[in-house]
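See structure below.
The values are calculated or read from the model by the stated rules, or taken from the named source; none is laboratory data. Since the model is a prediction, treat every value here as computed from it, not as a measurement. Note that each Cβ is placed from the backbone with ideal geometry, even for glycine, and that neighbours are counted across all protein chains shown. With ligands, DNA and RNA removed, areas are computed over all heavy atoms of the protein, side chains included. Shrake-Rupley method; radii C 1.70, N 1.55, O 1.52, S 1.80 Å.
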There are 6 protein chains.
Amino acid sequence: MRLLVVNANTSAQVTEIVARAARLHAAPGTEIVPLTGRFGARIINTRTENAIAEHALIDLLAEHGQGADGVLIGVSYDTGLAAARELMRVPVVGMTEAALHTACFLGARFGMLVFGRRAEESYRELVQRYGLVQRLATLHGIDANPSDMYRNPGMVESLVVEQAGRMIDEHNVDVILLSGAAMAEMPPKVQDRIAVPVINGVECGTRLVQTLAALKLPKARAGSYAALPAKELVGVAPAIAKLFRG
Amino acid sequence: MRLLVVNANTSAQVTEIVARAARLHAAPGTEIVPLTGRFGARIINTRTENAIAEHALIDLLAEHGQGADGVLIGVSYDTGLAAARELMRVPVVGMTEAALHTACFLGARFGMLVFGRRAEESYRELVQRYGLVQRLATLHGIDANPSDMYRNPGMVESLVVEQAGRMIDEHNVDVILLSGAAMAEMPPKVQDRIAVPVINGVECGTRLVQTLAALKLPKARAGSYAALPAKELVGVAPAIAKLFRG
Amino acid sequence: MRLLVVNANTSAQVTEIVARAARLHAAPGTEIVPLTGRFGARIINTRTENAIAEHALIDLLAEHGQGADGVLIGVSYDTGLAAARELMRVPVVGMTEAALHTACFLGARFGMLVFGRRAEESYRELVQRYGLVQRLATLHGIDANPSDMYRNPGMVESLVVEQAGRMIDEHNVDVILLSGAAMAEMPPKVQDRIAVPVINGVECGTRLVQTLAALKLPKARAGSYAALPAKELVGVAPAIAKLFRG
Amino acid sequence: MRLLVVNANTSAQVTEIVARAARLHAAPGTEIVPLTGRFGARIINTRTENAIAEHALIDLLAEHGQGADGVLIGVSYDTGLAAARELMRVPVVGMTEAALHTACFLGARFGMLVFGRRAEESYRELVQRYGLVQRLATLHGIDANPSDMYRNPGMVESLVVEQAGRMIDEHNVDVILLSGAAMAEMPPKVQDRIAVPVINGVECGTRLVQTLAALKLPKARAGSYAALPAKELVGVAPAIAKLFRG
Amino acid sequence: MRLLVVNANTSAQVTEIVARAARLHAAPGTEIVPLTGRFGARIINTRTENAIAEHALIDLLAEHGQGADGVLIGVSYDTGLAAARELMRVPVVGMTEAALHTACFLGARFGMLVFGRRAEESYRELVQRYGLVQRLATLHGIDANPSDMYRNPGMVESLVVEQAGRMIDEHNVDVILLSGAAMAEMPPKVQDRIAVPVINGVECGTRLVQTLAALKLPKARAGSYAALPAKELVGVAPAIAKLFRG
Amino acid sequence: MRLLVVNANTSAQVTEIVARAARLHAAPGTEIVPLTGRFGARIINTRTENAIAEHALIDLLAEHGQGADGVLIGVSYDTGLAAARELMRVPVVGMTEAALHTACFLGARFGMLVFGRRAEESYRELVQRYGLVQRLATLHGIDANPSDMYRNPGMVESLVVEQAGRMIDEHNVDVILLSGAAMAEMPPKVQDRIAVPVINGVECGTRLVQTLAALKLPKARAGSYAALPAKELVGVAPAIAKLFRG
């Protein structure tokens, strides 16, 4: 199986973390193909950067999608998920989407830790879009950003452990969800210090996309995710234009 | 991996269908252990039978749970799911729960087909309990019951294809979910005649429980799914009483 | 009128409290018939014990239901409520269900006090199942368990008064709902010290089930609560098997 | 017990129907005091008439409220309910509110029949306000108005029976709720021809207000339904002004 | 354009504040017609006073509505809004409704400051009625009442600034909504000290009602806001009776 | 005032329709600046095209945003709205967002007509994202596409009138919302034949963005819509990179 791990950020360093975590969770014989965005922000943390990255994600899939058996969106905003699911004929999974649904199998309500207060609202909107608000007990932005993961991982770990403890005490959560591609390798490092299961979207998503691929479901011929129609797009990369040739 | 497929109905015939479908979707080397309820209805289709079957399910897990690496609840009412998840230290997945979350990765909104009008409300309550109402476009009980699957499978297939078509036309659904353990083998038989992906909970659940087991998450020490406390239960099977010995 | 007060716990001590409170609120001439579960936990406080108790409740109703004019479920988890409502031809009311709906007639939003943090989520799920989340302002598990009611009632009272005060201050609640069969006699003891009405499910339920019985409504012949069909159940108590003889 | 049955319509004919139904459901020794609005519409069926009737209701309670033990709002819009509940020290129940909560004890989801298409939205808003939307399966305005109850009751009965049947067939409802004060006496007349329980708010409300009165709960001293503060109102009936004298 | 600014309170002082703020936001050539209630409370802050004021509002519109091009309800409870919208043939806007919808154009979720804890629930109900709960992050009643605006405006300003700051810190709100007609002139006074946009309903409503009037939409001939039918009302002001002459 | 009307489609023909309608609704002295996307689909109707268009929208605003006093997103998917609102210091309004909120001032629940069945789900998601689902009565995709507006406007008009009538009859809607930039000029043409107000987002949005601009609110310095941080973006148009220079 050929699994694309698509990071619409332009930072290869984050792609590397995600790909490493994905390899740990891929079945034997799975080829992990890491892809990094060709334009946009190093690490997305505004709505504007995310909007640009949606195009970057389509650009990557148009270029490299052929022959893939599945796609994991390796950005925690699940950038471009709906478009990717529509344009691909194989399963596409967003890493946060994967973590949210996985959390539902582990308990009643979950707590979600993200990087920074500013991002809180965007993640809440994601949970709302997926229709899972009833399962979200609390969401908090820790006072750190993704690049602190390279510079000062111990500090981030401490913040995570402390906030997770607070979520368990105050909100009685059954699961802790660590959002952020840069946190892909953190769950095993903090699990001992946190009294409920701790998950991240890369491990969940890598496994779920393989699961979906194994179901060998056909591409929808009706509904809102049917294949792209033939039509002309202008001013876009040739590979993107080609997606619309039917 | 040792995977229990637990059917809290007392009909071994249904267990057989479920086990067969589960084997198709289990990874190589997985041992499928089919279990059939020791008391209660042949095939549950009232709230009363389902309540009795919750006990039957716990009875089966208490007796056979040791050494298991995962549990699939092979009754489409997800009978006893919350209790099973609490009492086991390994992942437990309900077949309908599995299908509902899988459907979310395949499109925006899904349609759900169940056996009989009477059951409609119970399934709606299930979707509500899981917090996924926003993703449910429509739910309909076809005019057939599980035992028609042995007697007249062609008639059931026709009803499914016809209703699925109507759901696509009228409600624009992206996915069709066939509920019912007895429908475990139907998706590949009707997929060609239905324009969107068709899924059943046994295939979804078999794969998801393996996925969860692979994450090797610890049992919660806090929250509403923490391990059972030590306490005395009276008048129950010895194996059940033993679950509460800490 | 013959009113069954059914405690699916196996502790006669709790049944006693419930029956005493029920007698206070029964109309003259009402016969209160207290029933205690024949198997399961002394006092339910996990999902697993509750699942077993659903069967215990059906067992009691199958054995003693004939000739009853109404049923009050005297366990605060409303154990087996849906099944009991389906199988009986007379009104069935859950004590927490009764308190929740009663609270709606007394103000806009209510606060709910339960025994222990672990139980919080199960009660939240109950409120959700009944569709009353909009009316729930806050829910808190006090640091005590039902047996503290015999050993140290003063301590429980203090905790209740303190938490109720906090709910009024912080959440502006209009009503306090004391959950738990063991709290059936507490409202009059703490009402003076709490600035809004305080209710418990036994008083509410005892009165509501009489109210419903007086309406003399027929058993549904359609819908999801129609009478049980005739079918064979195996391995169950003879009285239960008899319920399914049509 | 002295129970006010307050009809904020100005038609004594409707008050009469409501009072008759209330008497049937009042405990022995209960004095039913029927009150008819002093100003406004004969039979409310617009938002504007309803707004005026809120004042009329307060006017009646200010004049006649002293010495009452309970209040039933005998208009199916539950006109002035929140205000009445706030200003009275004894229980106040709206007839539709009573029917809605009663329906919740009888099944999972209910269907609601009202007079006329125009009124549909107002009733939907009522259900929403009470937080019970999850329990409402369908709502329909029959092609008749309250005065048809005097002129052509047979025609109204036929419409009710026909629509109730459709609601059972198409929406699988467990209960039929007949809205409208003018329908207070209809349930027993149509019950035989409808396969699920049929209720009206007057019978439900008459019983529920007695139930609440029996609980002898104190008036809230905090929250959003605390007693009225002392303050000056101008240009209102002396009895209303007096309500605000503390 | 002739714009009625209708204050159903009986305090001309508040009308004055509202009218002054409305004039600041009216287009050149707009005639602002301030109207004060003829009966009821000086400043509404209970449900009972609000119910009376609904009639007072209709009374004012019946008397002065002719020739108006739009109506702004200048009471923050949006007293009588639904009735006014139904009875008038020109646009009617509630000041809080206007602020709530405006807030939606300025960010994701808003915080709402109201006068006094008691009023909190009434405003929450307003947000719920408009269907905007998803956009409300938090709502708090400051420890002040409208008349403090004349006596001690500095104290109110301090409370507002402090609470707004807390809402930004704790709830990450994008907009602060100052409820209350008496706060109509406060936004510009505190904006510098609050890090997100601050709005009040009078400025929003004044502009929105002009916007709606400019769309020149016809009065609905169907639906729940169609024109009033012809019918007889008794005991009401002649101008009100005239509204129902068709 | 300088108002950008931004069409992220690449079809100048649609921009023209939108700009014409916007001019009709702009205050005297307003300069309407129509902008057409530089890359992507002629007329967006899939999720993929929409994702690309988000980038195209940012590209246009980066290039032409300076000196603008407000922005109307002239694509009915409100393409790029959140990003545009974040990056601009002046008000930004989406045309469908504008129509949805306007509809709320005109009645209780609205019906929404869009081009094509496939698009239905995307519009439903939009309504959900804005938190207005409670106000949406029904949504239907007519069997036509935007280019039919040039080729066969009469056919589109007929479909609109017919479907609007059905929505009024079956769903009792108070307002009809015509989605689609290409329908910008249709409301006055069909209003006579439709019994409730008919609106389109261009007229609503043009007016609302002027209203918001007139409030002269500051750019948020906190929350999820604060100004863009300074950071480096790679591979993007120089004007976009410049947006992130602080």
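Return the total of residues in the stretch E:166-185 being over 29 Å from E:GLN13 (Cβ atoms) and open to solvent by 30 Å² or more (accessible area, probe 1.4 Å).
Adding up the residues that qualify gives 4.
Kindly provide the set of residues from the stretch A:133-164 that are outside any helix (DSSP H, G or I), open to solvent by less than 40 Å² (accessible area, probe 1.4 Å) and in contact with an Asp or Glu (Cβ under 9 Å, 6 or more places away or on another chain), ordered by number.
A:ALA137, A:THR138, A:LEU139, A:GLY141, A:ILE142, listed by residue number.
Among the numbered criteria (1) within 26 Å of D:VAL6 (Cβ to Cβ); (2) free of Cβ contacts under 8 Å to residues at least 24 places away in the same chain, which one does D:GLY154 miss?
(1)
Among the numbered criteria (1) crowded, with 23+ Cβ neighbours inside 10 Å; (2) at pLDDT 95 or above, which single criterion is violated by E:LEU217?
(1)
Picking from F:ALA227, F:ALA222, which residue would you name as being in contact with an Asp or Glu (Cβ under 9 Å, 6 or more places away or on another chain), in contact (Cβ under 8 Å) with a residue 12 or more places away in the chain, in a loop (DSSP other than H, G, I, E, B) and not hydroxyl-bearing (Ser, Thr, Tyr)?
F:ALA227
Go through the stretch C:210-231 residue by residue and tally those that are polar (S, T, N, Q) and within 7 Å of chain B (Cβ to nearest Cβ).
The qualifying residues number 1.
Go through (1) over 23 Å from F:PRO34 (Cα atoms); (2) within 12 Å of chain A (Cβ to nearest Cβ); (3) surrounded by fewer than 22 Cβ atoms within 10 Å (Cβ to Cβ); (4) not acidic (Asp, Glu) and name the single condition F:ALA237 misses.
Going through (1) over 23 Å from F:PRO34 (Cα atoms); (2) within 12 Å of chain A (Cβ to nearest Cβ); (3) surrounded by fewer than 22 Cβ atoms within 10 Å (Cβ to Cβ); (4) not acidic (Asp, Glu) one by one, F:ALA237 breaks only (1).
Return the pairs, sorted by first residue and then second, in which the second residue is open to solvent by 10 Å² or more (accessible area, probe 1.4 Å), the first residue lies in the stretch B:191-210 and is among the hydroxyl-bearing types (Ser, Thr, Tyr), the beta carbons are less than 7 Å apart, and the residues are 6+ apart or on different chains.
What qualifies is B:THR206/B:HIS25; B:THR206/B:ALA26.
Please go through the stretch E:167-182 and pick out each residue that is free of Cβ contacts under 8 Å to residues at least 60 places away in the same chain and either touching a strand residue (DSSP E or B) at 6+ places or on another chain (Cβ under 9 Å) or part of a loop (DSSP other than H, G, I, E, B) (or both).
Filtering the stretch E:167-182 down to residues free of Cβ contacts under 8 Å to residues at least 60 places away in the same chain leaves E:167-170.
Within the stretch E:167-182, E:MET167, E:ILE168, E:GLU170 meet the criteria.
Out of all the residues in the stretch B:77-111, which are closer than 19 Å to B:LEU139 by Cα and among the aliphatic types (A, V, I, L, M)?
B:MET95, B:ALA98, B:ALA99, B:LEU100, B:ALA103, B:LEU106, B:ALA108
Rundown of residues vs (1) among the basic types (Lys, Arg); (2) within 12 Å of chain D (Cβ to nearest Cβ); (3) touching a residue at least 40 places away in the same chain (Cβ under 8 Å); (4) closer than 22 Å to F:PRO218 by Cα, yes/no style:
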position: E:GLY141; (1), (2), (3), (4): no, yes, no, no
position: E:SER147; (1), (2), (3), (4): no, yes, yes, no
position: E:GLY165; (1), (2), (3), (4): no, no, no, yes
position: E:ALA184; (1), (2), (3), (4): no, no, yes, yes
position: E:LEU233; (1), (2), (3), (4): no, yes, no, no
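Based on this model, can you work out whether C:THR96 counts as part of a helix (DSSP H, G or I), open to solvent by less than 20 Å² (accessible area, probe 1.4 Å) and farther than 18 Å from C:GLU54 by Cα?
No, not satisfied.
Go through F:ASN45, F:ASN50 for me and flag whichever is within 17 Å of the chain's Cα centre (by Cα), at pLDDT below 95 and open to solvent by 20 Å² or more (accessible area, probe 1.4 Å). Reasoning before the result, please.
Working: F:ASN50 fails: at pLDDT below 95.
Result of the check over F:ASN45, F:ASN50: F:ASN45.
Can you tell me which residues in the stretch B:186-209 are surrounded by fewer than 24 Cβ atoms within 10 Å (Cβ to Cβ), more than 10 Å from every other protein chain (Cβ to nearest Cβ) and part of a helix (DSSP H, G or I)?
B:LYS189, B:VAL190, B:ARG193
Please pick out the residue among A:ARG124, A:ARG118, A:ARG129 that is open to solvent by 10 Å² or more (accessible area, probe 1.4 Å), more than 8 Å from chain B (Cβ to nearest Cβ) and in contact (Cβ under 8 Å) with a residue 40 or more places away in the chain.
Details: A:ARG124 fails: in contact (Cβ under 8 Å) with a residue 40 or more places away in the chain; A:ARG129 fails: in contact (Cβ under 8 Å) with a residue 40 or more places away in the chain.
Unique residue meeting the criteria: A:ARG118.
Please specify each residue of the stretch E:61-81 satisfying the condition of being surrounded by 24 or more Cβ atoms within 10 Å (Cβ to Cβ) and not acidic (Asp, Glu).
Of all residues in the stretch E:61-81, those surrounded by 24 or more Cβ atoms within 10 Å (Cβ to Cβ) come to E:61, E:70-81.
Residues satisfying the conditions are E:LEU61, E:GLY70, E:VAL71, E:LEU72, E:ILE73, E:GLY74, E:VAL75, E:SER76, E:TYR77, E:THR79, E:GLY80, E:LEU81.
What number of residues within the stretch A:12-35 are open to solvent by 40 Å² or more (accessible area, probe 1.4 Å) and either in contact with a helix residue (DSSP H, G or I) (Cβ under 8 Å, 6 or more places away or on another chain) or of a type in the set (S, T, N, Q) (or both)?
Going through the stretch A:12-35 one residue at a time, the tally reaches 4.
Tell me which helices (runs of 4 or more DSSP H) are completely within the stretch C:1-93 and hold 2 or more residues being within 9 Å of chain B (Cβ to nearest Cβ), or say none if there are none.
Of the helices (runs of 4 or more DSSP H) lying wholly inside the stretch C:1-93, those with at least 2 residues that are within 9 Å of chain B (Cβ to nearest Cβ) span C:47-64, C:81-87.
Could you please find all residues in the stretch E:99-115 being outside any strand (DSSP E or B) and either at the interface with another protein chain (Cβ under 8 Å from one of its Cβ atoms) or over 15 Å from the mean Cα position of the chain (by Cα) (or both)?
Those that are outside any strand (DSSP E or B) and either at the interface with another protein chain (Cβ under 8 Å from one of its Cβ atoms) or over 15 Å from the mean Cα position of the chain (by Cα) (or both): E:HIS101, E:THR102, E:CYS104, E:PHE105, E:LEU106, E:GLY107, E:ALA108, E:ARG109.
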